[in-house]
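Have a look at the structure below, then the notes.
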């Protein structure tokens, strides 16, 4: 199976499935912080928050409960277009110079990679 992903680090995505999904146009959105192609997971800012209990490891360090983002499956998020602001699928085009570029399937806007 291919490890290609339709999402890259720095993209703005909306959650379309899972516990952070909201109905209607009020989708929970965030910036992609990390992408794990082998596991097909992404970490999105402010989405899938977990509580982690940490123990102080060094002298002077404080332990406690930390809230942090956990990975979410890439199929549960959808890219938000910069120009039209809609949730969109991603297409790929080969440019004249041979480079590949992603584009919005709704308005045709190229994503800056």
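When the residues of region 94-113 are filtered to those that are within 26 Å of residue 38 (Cβ to Cβ) and in a strand (DSSP E or B), the one that is farthest from the chain's Cα centre (by Cα) is 94. In region 73-92, the condition of being farther than 22 Å from residue 2 by Cα, touching a residue at least 60 places away in the same chain (Cβ under 8 Å), in contact with a strand residue (DSSP E or B) (Cβ under 9 Å, 6 or more places away or on another chain) and crowded, with 17+ Cβ neighbours inside 10 Å is met by at least one residue.
Would you tally the residues in region 13-46 being in contact with a strand residue (DSSP E or B) (Cβ under 6 Å, 6 or more places away or on another chain), farther than 11 Å from residue 74 by Cβ, touching a residue at least 24 places away in the same chain (Cβ under 8 Å) and surrounded by 17 or more Cβ atoms within 10 Å (Cβ to Cβ)? Within region 13-46, residues that are in contact with a strand residue (DSSP E or B) (Cβ under 6 Å, 6 or more places away or on another chain), farther than 11 Å from residue 74 by Cβ, touching a residue at least 24 places away in the same chain (Cβ under 8 Å) and surrounded by 17 or more Cβ atoms within 10 Å (Cβ to Cβ) number 4. Would you check if there is a residue in region 96-103 being touching a residue at least 40 places away in the same chain (Cβ under 8 Å), surrounded by 15 or more Cβ atoms within 10 Å (Cβ to Cβ) and under 17 Å from residue 9 (Cα atoms)? Taking every residue of region 96-103 in turn, at least one turns out to be touching a residue at least 40 places away in the same chain (Cβ under 8 Å), surrounded by 15 or more Cβ atoms within 10 Å (Cβ to Cβ) and under 17 Å from residue 9 (Cα atoms).
Read the figures in this text as sums done on the coordinates, not as results from a lab. This is a predicted model, so every value here is computed, not measured. Reconstructed Cβ throughout: ideal geometry from the backbone, glycine too, with neighbour counts over all protein chains shown.
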